[in-house]
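Take a look at the structure set out below.
The values are calculated or read from the model by the stated rules, or taken from the named source; none is laboratory data. The model shown is predicted, which means the values in this text are computed figures rather than measured ones. Positions of Cβ are backbone-derived with ideal geometry, glycine not excepted, and every protein chain shown enters the neighbour counts. We work out accessible area using only protein heavy atoms, side chains counted, and drop any ligands, DNA or RNA first. Shrake-Rupley method; radii C 1.70, N 1.55, O 1.52, S 1.80 Å.
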Amino acid sequence: MANQDDTRKKILSIGNVSVDIKAYSPEEETEGYRDGTIELVPGGVGRGMAINLKHLGFETFIYSYVGNDIFGDYLRKGLQQEKIDTTLLFTSPTQETSLFSVMTGAKKKSSCIYNTKILREIDFNEKIISFIEENGINVLAVDSNLREETYAQIYEYKKSHPEIFIFQNATAPDIARKTIPYAHLIDLFACNEFEASAILGEKEILPDLSLADKMQQIGFKNFIVTFGSQGVMVRIGNDTWNEPPYTPSNIVDTIGAGDAFASGFLMGFLSHQQVKNCIHYGLICAKETLLTRQTVSDSLSRDFLESYKIKT
């Protein structure tokens with residue numbers, strides 16, 4: 001059972017808060033119009049981590065920006081309903097709320113168009129540092145959508161405050177390499193196979209010891225690499241684990257499953273659980289998220305994970 005002392009951890013999630021516009025058509029891809037469905041779903045790595053970790057028993061805060069528009073109002077109200085502290089959720093007077101447009105079809109890979117210019121306004125300045133220290137925040141969950149200058153500020157702070165635990169999410173292949181200069185300062189790193197491939201500069205990778213060693217040679221000491229249907233590889237210190245996924249028979253949507261795995265794993269890791277238990281928690285969270293069109297599953301809770309563990 002998880003150590004209840006870990007609920008004293010206060011987590012600031014720094015990163016994207018967005019609206020995902022999901023378009024799906026079962027019809028064969030052709031030019032012109034196609035029948036299908038279009039959904040507006042709240043998303044973003046920063047939002048997903050904050051809500052997942054709140055469901056898992058932590059006090060969580062969000063630091064991000066939204067626009068002065070209906071999407072920003074929608075996201076702010078949703079976070080407040082989840083009882084996330086939104087003191088650091090600022091409204092930009094000039095930029096629009098982050099939007100992701102995800103398009104897919106039957107047996108087709110997803111394509112995505114996004115606008116995250118607003119995230120350039122995130123700055124790790126003295127105001128943010130004062131908020132962290134005044135509120136006793138001791139964990140930062142950071143996504144890679146931030147400016148490189150902001151990363152430099154965050155990890156400079158980490159150097160003088162080694163007691164702050166930093167979880168870093170790679171977020172996307174095109175920006176995954178941003179965090180390489182700070183790899184040695186990251187307490188726990190998470191990426192998927194495509195992000196790991198981009199980090200290493202290799203076209204194809206496998207969940208084997210060679211991959212784990214290469215990631216560690218770059219400087220990442222503790223990390224997670226998810227491989228979809230192949231499961232997950234975890235390296236903590238000098239030890240490596242490979243586990244198959246808990247794949248449901250009917251996958252509804254894959255978006256958010258990686259963040260859910262990271263949240264479940266982090267819950268166990270912060271309470272000093274055995275790594276096998278941390279992986280187990282992560283796989284449960286990922287499985288439940290695969291069963292919903294939302295990017296966060298409402299079924300997740302600490303009690304749910306513990307009872308699931310007893311049943312398996």
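Per-structure values
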{"item": "The chain - percent relative contact order, Cα under 8 Å, separation 6 or more", "result": "16 percent"}
{"item": "Solvent-accessible surface (1.4 angstrom probe) belonging to Leu291, in square angstrom, nearest 10", "result": "80 Å²"}
{"item": "Helical mean residue ellipticity (222 nm; -39500 (n - 2.57) per DSSP H run of 4+; nearest 500) of the chain", "result": "-10000 deg cm²/dmol"}
{"item": "Separation of alpha-carbon centers, region 168-238 and region 40-92, rounded to whole Å", "result": "27 Å"}
{"item": "FRET efficiency, 1/(1 + (r/R0)^6) with R0 25 Å, evaluated for Asp69 and Asn242 via beta carbons", "result": "0.05"}
{"item": "For region 72-210, share of DSSP beta bridges that run antiparallel, in % to the nearest 5", "result": "40 percent"}
{"item": "Region 88-213: relative contact order in percent, alpha carbon pairs under 8 Å with at least 6 residues between", "result": "17 percent"}
{"item": "Within the chain, percent of DSSP bridges classed antiparallel, to nearest 5", "result": "40 percent"}
{"item": "Percent antiparallel among DSSP beta bridges (both partners in region 16-108, rounded to 5)", "result": "35 percent"}
{"item": "Accessible area in the full protein assembly, largest first, 1.4 Å probe, for Phe304, Phe61", "result": "Phe304, Phe61"}
{"item": "Which of Thr226, Thr247 is most accessible, then next, and so on - probe 1.4 Å", "result": "Thr247, Thr226"}
{"item": "Sequence-distant residues sharing a close amide H with Asn192 (under 5 Å, placed H)", "result": "Thr226"}
{"item": "Accessible surface ranking that places the most exposed of Tyr246, Tyr308 first, with a 1.4 angstrom probe", "result": "Tyr246, Tyr308"}
